[in-house]
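Since the structure comes first, as structure tokens, the remarks are kept for the end.
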Amino acid sequence: MPTPSDFERMLREVALRVTSPRLAVLAAVHDHPHADTESIISVVRANLGAVSHQAVYDVLKALTTAGLIRRIQPQGSVARYETRVADNHHHVVCRSCDAIADVDCVVGHAPCLTASDDHGFTIDEAEVVYWGLCPDCSDARSS
Ligand SMILES: [Zn+2]
Ligand SMILES: [Zn+2]
């Protein structure tokens, strides 16, 4: 479990100034993997008090650009964020309620699918999203 000083170190390592909004956003994304911007804003506000939407958007953008957090946006969903950035993991998304869970990459590194024809491109990533129904939604349908 990372401590506040771990988050400070992460910011320094990517040459970002340590500010309380940045620390609060990093902690919120860490504690709530795949949270959307609105949920992150409410967690940050619960911890810091008044913080503008724009401030949180700006921090999310800076942290994403610096590689400390990863932005994912399944089709039809709003952007979500996570601090699990160091691997090539994938996501399974519920078509009904938008629940998201991590799925470890079977191969372990990108690109984990070989294109049948690369058209001469140097391919460095295959984006894999698994779609289906989460256990709750499956139960709701079968009953
Ligand atoms: Zn569901
Ligand atoms: Zn994830």
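Here are some notes:
- Each residue of region 2-15 was assigned a 3J(HN,Hα) from its phi angle through the Karplus curve 6.51 cos²θ - 1.76 cosθ + 1.60 (θ = phi - 60°); the sequence is x, 9, x, 6, 5, 5, 4, 5, 4, 5, 5, 4, 9, 6 Hz, with glycine and proline shown as x.
- Computed on the Cα atoms alone, the convex hull of region 4-80 gives a volume of 81 cubic angstrom per residue.
- Here the convex hull built on the C-alpha positions of region 87-142 has a volume of 102 cubic angstrom per residue.
- Among the trypsin sites (Lys or Arg not before Pro) in region 1-39, those located in a DSSP loop and surrounded by at most 13 other Cβ atoms within 10 Å of their own Cβ are ARG17.
- Remark on CYS134: its backbone amide H falls under 5 Å from those of ARG95, SER96, CYS97, a criterion applied only to residues 5 or more positions apart or on other chains, H modelled at 1.01 Å from N.
- Each Cα pair under 8 Å and six or more residues apart adds its separation to the average, and for region 87-142 the resulting relative contact order is 42 percent.
- Per residue, the convex hull spanned by the Cα atoms of the chain amounts to 158 cubic angstrom.
- Net charge over other residues, Cβ less than 9 angstrom from the Cβ of HIS90 (K, R count +1; D, E count -1): -3
- Sparsely packed loop sites in region 34-143 (the chymotrypsin sites (Phe, Trp or Tyr not before Pro) outside DSSP H, G, I, E and B with at most 14 other Cβ atoms within 10 Å) comprise PHE121.
- Dipole of the chain computed with +1 at Lys/Arg Cβ and -1 at Asp/Glu Cβ about the Cα centre; of HIS32, SER5, LEU48, farthest Cα towards the positive end is LEU48.
- This model, with +1 at the C-beta of Lys and Arg and -1 at the C-beta of Asp and Glu, gives the chain a dipole about its Cα centre of some 580 debye.
- Dipole-positive endmost among CYS112, ILE100, LEU133 within region 87-142 (Cβ charges, Cα centre): LEU133
- Mean separation of Cα contacts under 8 Å (6+ apart) over length of the chain, as relative contact order %: 18
- About its Cα centre, region 4-80 has a charge dipole of approximately 160 debye under the convention of +1 per Lys or Arg Cβ and -1 per Asp or Glu Cβ, with nothing else charged.
- Added length on full extension, which subtracts the Cα-Cα distance from 0.36 nm per residue, ASN47 to ASP102: 17.2 nm
- Close amide H partners of ALA35, meaning residues 5 or more places away or on another chain with modelled amide H under 5 Å apart, are TYR81.
- Normalising the average separation of contacting C-alpha pairs (under 8 angstrom, six or more residues apart) by the number of residues puts the relative contact order of region 13-89 at 35 percent.
- DSSP bridge orientation in the chain - percent antiparallel, rounded to nearest 5: 70
No value in this document is a laboratory result; all are computed from the given coordinates. These numbers come from a predicted model, not from an experiment. With ideal geometry, Cβ positions are generated from the backbone for all residues, glycine too; neighbour counts draw on all protein chains shown.
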